[in-house]
Structures are given as structure tokens and as C-alpha cells.
Amino acid sequence: MSKRPTLDIAIEPLKEAISVIKKNAKYRTTIHSDQGWHYQHNSWVKTLKKHGIFQSMSRKENCIDNSPMENFFGLLKQEMYYGEEKYLSLL
């Protein structure tokens, strides 16, 4: 977890998942994501292709398949950072 988005937040879990998938894969592997910048990044796409994993993305403005995860992460961020933000006044 991180307070800001980085490519490592996406790539490192992908590498971990690939090591598990390769041991147990019997069928074609597909990873589904939204259209976030890190899922369109050249490193992400190349890693998937290198391991024969198909990439699937949500269509633009189609939140139905993404809303349960967005809700979860919204709650997670709220719980993690509640009361920790320091607001600076410009006055």
C-alpha cells in the first residue's frame, strides 16, 4: 500500500500472482482491470505478454464491473487515513 499511486504497486503483485498461476494454470489466464494508467503502462503489458496472460479491461464509463472494488478501496482508504491528514491553512 502507498499514499500515492506508483507502478510498483501494480507490478509487484502481478509478479507474485504469476509465480502462483504458473504452478497451477491449466487454462488460459486472463487478468481483468480498469483502465488505470498503470494497467496501460508498457511494463505491465510486456509482463503479461511475456507470460502468455491475456489482458481484459473495463470499457470507459462502465462502472458496473468495477464498483464493488472501488467501494472496497474507498472504505479501506477511509479507515487507513481517518484522522491522519493534517490540513494546512493558507490564511
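Points to keep in mind about this one:
- Condition check for Ala17: more than 22 Å from Lys77 (Cβ to Cβ), surrounded by 12 or more Cβ atoms within 10 Å (Cβ to Cβ) and modelled with pLDDT under 85: no
- Restricting region 28-48 to residues that are surrounded by 15 or more Cβ atoms within 10 Å (Cβ to Cβ) and farther than 10 Å from Ala10 by Cβ, the residue that is modelled with the highest pLDDT: Leu48
- Restricting region 15-32 to residues that are among the aliphatic types (A, V, I, L, M) and within 13 Å of Thr47 (Cβ to Cβ), the residue that is farthest from the chain's Cα centre (by Cα): Ile21
- Whichever residue in region 49-64 is among the small types (Gly, Ala, Ser) and closer than 20 Å to Ser19 by Cα and, among such residues, is modelled with the lowest pLDDT: Ser56
The values are calculated or read from the model by the stated rules, or taken from the named source; none is laboratory data. Bear in mind the structure is a predicted one, so any value in this text is a computation, not a measurement. When we count neighbours, we look across all protein chains shown, and the Cβ atoms used for this are built from the backbone with ideal geometry, even at glycine.
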